[in-house]
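**Student:** Sharing a structure, written as C-alpha cells. Questions coming.
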Amino acid sequence: METFTHIINGFAVCLQPINLWYTFLGVFMGTIIGVLPGIGSSAGIALLIPVTFGMDPTSALIMMTGIFYGTKYGGSTTSILIRTPGEAASVMTSIDGYEMAKNGRAGAALAVSAIGSFLAGTIGVVGLTLFAIPLASMALKFGPAEYFTLMFFALTAVASLTGSSPAKGLLSTILGLMVATIGIDLQSGQPRYTMNIPEFQDGVGFVVVVVGLFAVSEVFRGMEGIFRGTAPQMIKIKGKLWLTREEWQRSIGPIWRGGIIGFVIGVLPGAGGTIASIMSYTTEKRLSKHPEEFGKGAIEGVAGPESANNSDTAGALVPLLTLGVPGGGATAVLLGAFIMYGIQPGPLLFQNRPDLVWGLVDSMYVGNVMLLILNLPLIGLFVRLLYIPSGILYPLIITISCIGAYAINGSMIDLYLILFFGIVGYVFDKVDIPVAPLVLSLVLGGMMEQSFRQAMTISGGNPQIFFNSGITITLVIMSVISIFMPFILSRFKPFKGVPLAEAD
Amino acid sequence: MAERVIFVCTLLLAGAYFWATENLPSLEIGDPLGPKAFPRLLGAALLITAVFHVLEMIRARKSALVAQEKKDPVDRVSYMVVGGVSIWTFLFFLVFEWLGYMIAGSIYLVVLMSVFNKGKWLMNVLTAVLFSIGSYLLFTKGFGVNLARGLLPF
C-alpha cells in the first residue's frame with residue numbers, strides 16, 4: 001500500500017509543469033541525438049551534466065533519463081531511411097526497415113517503429129514499477145563483499161558480451177579500472193598516478209572520457225567517411241505515416257513479445273538492446289508464417305526488434321535504481337550523473353528519496369506518450385535534420401563536445417583529454433576493442449575498490465569473505481558463466497558473425 | 001599484425017603500471033591493504049588478459065572463423081583525416097583561452113567546414129560565426145557556464 005502511495009506521489013512530482021517541461025526537453029533532445037550521427041545517448045547525457053548544475057536533481061535526472069530512452073526512438077529513423085543505425089541497438093531494424101522504405105512503405109515502417117516503441121516502452125516501465133521494490137528489498141541484505149562481487153559480475157558480463165572478442169572486452173574493462181585509480185586515494189589520502197598534474201588529483205572526469213570515446217571518435221569516423229565518399233544516401237518518406245489493417249495485425253504480436261524480451265534482457269548486465277533486438281528478430285522469424293519475407297521488408301522484422309530495444313531501456317534502469325550498479329555504457333553515465341548530484345542509487349534511495357525515484361519512473365510513462373506524439377505527426381521535422389550536410393554537422397558536434405568538456409571545471413586539461421580519448425576511441429574502433437566496458441568500469445572503479453577494501457578489512461585480510469554467502473557464491477558463478485557466454489552464443493546460429501558492440 | 005601490437009602494448013602497459021604502483025609511497029595507516037593492493041590486482045588482471053588474448057589469436061588462426069566487421073581500412077586517408085583534424089583541434093585548444101571561444105571557435109569551424117563541406121563559403125562562414133556567437137550566448141547567459149572570453153570584452 002505504501003508503495004502504491006509512492007507511485008501516485010511520483011505522478012504528482014512528474015506532472016509538475018517544470019518536470020513536464022524537462023521530460024519534454026529530454027525526450028526531444030533524445031530524439032534529435034538518436035537521429036543525428038555522432039553523439040549517442042552516453043555522450044548526450046554526459047554533455048548535459050555541466051549545464052544542469054544548480055538544477056533540482058529530480059528535474060535534471062528526469063531530463064537525462066528522457067535522453068536515454070528518447071535516443072532509441074530517434075535511432076530507428078536513420079535505420080529505416082538510410083540503413084545506418086543511429087543507435088547500435090537499431091541494427092536489426094535497418095534490415096527490414098530499409099527494405100520497407102525501398103518498397104515505398106517508409107511511412108509504415110516509421111509508424112510501426114514509433115507505435116511499437118511506445119507500447120513496448122510502456123511495458124518496460126510497468127515491469128520496472130513492479131520489479132523495482134522486490135529487488136531493492138533484496139539488495140538491503142548486501143554488504144561490501146556482495147557489492148564487490150555484484151560489480152565484478154556486471155563488469156565481466158559487459159566485457160565478455162560487448163564486442164567480438166572477450167579478451168578485448170576484458171582489456172577495455174581493466175583500462176577503465178586503471179583510469180579510475182588515478183587521483184587521490186580516498187582512504188589513505190595518497191595521490192596515485194597523477195604525474196604531478198594538479199588537475200588529476202580529483203581523478204579523470206568520466207564526462208570527458210565519455211565525450212571523447214563516443215562523440216569525438218564518431219566525428220573522426222564520420223569525417224573519414226566524407227573523405228572516402230562512403231556517406232549513406234537517404235530514402236524519402238512516401239505514403240501515409242500509418243499502417244494498413246493487415247500490417248497492424250501482423251505487428252501487434254511482435255510488439256508485445258519484443259516488449260517482454262527487451263525488458264528481461266535489459267535487466268541483465270551486459271546484454272543490452274542489441275542482443276534484445278537480435279533475439280526478438282529471430283523469435284519473430286521462427287514464429288512467422290512468411291519467414292521468407294524477412295530481410296526483404298517484413299513488418300514483423302521492424303515491429304519486434306524496435307519494441308525490444310525500447311523496452312530494454314526500462315529494464316536497464318532496474319539494476320541501476322535498485323542496486324546502484326549499471327549494466328551498460330549509458331546507464332553508467334546516468335549513475336555518474338546521480339553521483340555528481342550527491343545521490344547514490346540503490347535500495348536506500350527507495351526509502352530515503354521515494355519522490356525522486358518514483359517521479360523519475362513515472363516520468364517515463366509521460367515521456368513515452370510525448371515521444372509517440374513527437375515521432376508520428378512530427379517525424380518529418382526530425383527527418384529534416386538528416387539533410388544537414390555532414391561537413392557542417394561534424395565540426396559542430398566536435399565544438400559542442402569541447403564546450404561540454406570545458407564547462408565542467410573551466411580546465412584546459414579536460415579539452416586535451418577529450419581529444420586524447422577521441423583518438424583512443426577511434427583507434428579502439430579500428431582494432432575492434434569495445435569502449436562501453438571502459439566507461440562502465442571507470443564509473444564503477446572507485447566504488448568497486450572501496451567495497452573490496454572494506455570487505456577485506458572486515459575479514460581481516462581473508463579473501464574467503466567473497467565466498468561466504470549464498471549471494472556472493474551465486475554472483476561469482478554467474479561471473480564465470482558470463483566469461484564463457486560468448487563461446488556458447490557463437491554456437492547459437494542467430495549470433496554467428498553478429499557484432500554485439502554497444503555504442504552506448 | 002594489429003593483434004600482436006595489442007598484445008605487446010598490453011604487456012608494456014602492465015609493466016609500466018606495476019612499476020608506477022610499486023613507486024607509490026606507502027602510507028598504510030588504518031588500512032591494512034593500502035592504496036597499492038587494488039592496483040596490483042589490476043596489473044595482474046592485465047597480464048591474464050594478455051594471455052587470454054594470445055589464446056584467442058591461436059584459436060582464430062586455427063579456426064579462421066572469426067567474424068570480421070566491414071570497416072574502412074587504416075591507410076593514408078585515415079592518417080590524413082584523423083591526424084589533420086587532431087592537429088587542428090590541438091591548435092584550437094592552444095589559442096582557446098587567449099583568443100576566446102567566439103573568435104577561436106569561428107576560425108576553427110570555418111576551416112573545418114571549408115575542408116569537409118567544400119565550395120560553400122557563404123554557408124560555412126555564416127554557420128561558423130552564428131553558431132559560435134549563439135552557443136556562447138546560450139551557454140554563458142542561458143546556462144551560466146563560463147566560457148573563455150579572450151580578446152573580447154564581453
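Only the coordinates and a few stated rules stand behind these numbers; no lab work does. Nothing here was measured: the structure is a model prediction, and the numbers come from that model. Neighbour counts are summed over all protein chains in view; Cβ atoms, including those assigned to glycine, are modelled from backbone coordinates with ideal geometry.
**Student:** Which one of A:M279, A:Q454, B:F131 has its Cα pushed farthest toward the positive end of the charge dipole of the protein assembly as shown, where Lys and Arg give +1 and Asp and Glu give -1 at the Cβ?
**Tutor:** Of the options given, the answer is A:M279.
**Student:** Using Cα pairs under 8 angstrom and six or more residues apart, how large is the relative contact order of chain A, in percent? Can you show the working numbers first?
**Tutor:** Working: 1004 pairs, mean separation 147.3, N = 504.
Rounded, it is 29 percent for chain A.
**Student:** Treating only the Cβ of Lys, Arg, Asp and Glu as charged (+1, +1, -1, -1), what charge dipole size does the protein assembly as shown show about its Cα centre? Round to the nearest 20 debye.
**Tutor:** Value, rounded to 20: 1680 debye.
**Student:** How big is the shadow of the Cα convex hull of chain A, averaged over all directions, in nm²?
**Tutor:** Working: hull surface 91.7 nm².
In nm², the orientation-averaged hull projection of chain A is 22.9.
**Student:** Let me ask you something else. Using the Cα centre of chain B as the reference point, and only Cβ charges (+1 on K/R, -1 on D/E), how large is the resulting charge dipole? Debye, rounded to the nearest 20. Can you show the working numbers first?
**Tutor:** On the way: 13 positive and 9 negative charges, 110 e Å.
The calculation lands at about 520 debye.
**Student:** Ok, one more. At most 16 other C-beta atoms within 10 Å and a DSSP loop state: those are the exposed trypsin sites (Lys or Arg not before Pro) I care about. Give me the longest piece of chain A that has none.
**Tutor:** Details: sites that count: A:K141, A:K236, A:K238, A:K240, A:K289, A:K296, A:R491, A:K496.
So the longest stretch without any such site is A:297-490.
**Student:** Calculate the dipole size of the range A:129-272 relative to its Cα centre from +1 charges on Lys and Arg beta carbons and -1 charges on Asp and Glu beta carbons; express the result in debye to the nearest 20.
**Tutor:** Computed charge dipole of the range A:129-272: roughly 780 debye.
**Student:** Another question, then. Can you give the Kirkwood hydrodynamic radius of the range A:360-469 from its Cα pairs, in Å with one decimal?
**Tutor:** It is 19.2 Å.
**Student:** Taking 7 Å along the Cα-to-C-beta vector as the label spot, tell me the A:W242-A:F467 distance in nanometres, rounded to one decimal.
**Tutor:** A separation of 6.5 nm, rounded to one decimal place.
**Student:** Please give the length that would be gained between A:I235 and A:Q450 if that part of the chain were fully extended, namely 0.36 nm times their separation in residues minus their C-alpha to C-alpha distance (nm, one decimal).
**Tutor:** Length gained, A:I235 through A:Q450: 72.2 nm.
**Student:** Follow-up question, since we're still on this one. When only Cα pairs under 8 Å and 6 or more residues apart are kept, what is the percent relative contact order across the range B:74-142?
**Tutor:** On the way: 32 pairs, mean separation 19.5, N = 69.
Relative contact order here is 28 percent.
**Student:** If you don't mind, there's one more thing I want to ask. Starting from the Cα of A:M55, step 7 Å along the direction of its Cβ; do the same at B:Y79; then give the gap between the two resulting points in nm.
**Tutor:** Each label point lies 7 Å from its Cα, and together they span 4.5 nm.
**Student:** Work from the charge dipole of chain B (Cβ charges, +1 for Lys and Arg, -1 for Asp and Glu, about the Cα centre) and give the residue of B:L42, B:F93, B:L122 farthest towards its positive end.
**Tutor:** Farthest towards the positive end: B:L122.
**Student:** Determine the relative contact order of chain B: mean sequence separation of Cα pairs under 8 Å and six or more apart, normalised by residue count, in whole percent.
**Tutor:** Value for chain B: 18 percent.
**Student:** What ranking of B:C9, A:C14 emerges when the number of other C-beta atoms within 10 Å of each C-beta is taken as an exposure proxy, fewest first? All intermediate terms of the calculation are to be shown ahead of the outcome.
**Tutor:** Values: B:C9 12, A:C14 25.
Least crowded to most crowded, the residues run B:C9, A:C14.
**Student:** Okay, next question. Dipole of the range A:131-251 (Lys/Arg Cβ +1, Asp/Glu Cβ -1, origin at the Cα centre): which of A:F220, A:I237, A:V207 lies farthest to the positive side?
**Tutor:** A:I237
**Student:** Taking neighbour Cβ counts within 10 Å as the exposure measure, how do A:D362, A:D432 sort from fewest upward?
**Tutor:** Values: A:D362 25, A:D432 20.
Going from least to most buried by this count: A:D432, A:D362.
**Student:** Next question, about the same structure. Using r as the Cβ-Cβ distance of B:N146 and A:L130, and R0 as 35 Å, what FRET efficiency do you calculate, to the nearest 0.05?
**Tutor:** Efficiency, rounded to the nearest 0.05: 0.20.
**Student:** Determine the distance separating the Cα centre of the range A:425-483 from the Cα centre of the range A:60-112; give it in Å without decimals.
**Tutor:** So the separation of the two Cα centres works out to 33 Å.
**Student:** I'd like the FRET efficiency for A:L378 and A:E199, computed as 1/(1 + (r/R0)^6) with the beta carbon distance as r and R0 of 30 Å, rounded to 0.05.
**Tutor:** Values: r = 43 Å, r/R0 = 1.43.
The calculated FRET efficiency here is 0.10.
**Student:** Here's another thing I want to ask about it. Which distance in Å, rounded to a whole number, links the C-alpha centroids of the range A:148-215 and the range A:251-268?
**Tutor:** Between the Cα centres of the range A:148-215 and the range A:251-268 lies a distance of 32 Å.
**Student:** Expressed as an acute angle from 0 to 90° and rounded to the nearest 10, what is the orientation of the C-alpha long axis of helix A:40-51 relative to the principal long axis of chain A?
**Tutor:** 60
**Student:** OK, next. Which number do you get for Rg(Cα) / (2.2 N^0.38 Å) in chain B?
**Tutor:** 1.64
**Student:** I've got another one for you. Can you compute the FRET efficiency between A:Q249 and A:L385 using 1/(1 + (r/R0)^6), with r the Cβ-Cβ distance and R0 = 30 Å? Round to the nearest 0.05.
**Tutor:** So, using R0 = 30 Å, E works out to roughly 0.40.
**Student:** So, in nm, how far is label A:F11 from label A:S459 when the simple model puts each one 7 Å beyond its Cα toward the Cβ?
**Tutor:** Here the modelled spin labels are 4.8 nm apart.
**Student:** Principal axes first, then extents: for the Cα atoms of the range B:74-142, list largest minus smallest coordinate on each axis, whole Å, largest first.
**Tutor:** Over the range B:74-142, Cα extents along the principal axes are 44, 27, 18 Å.
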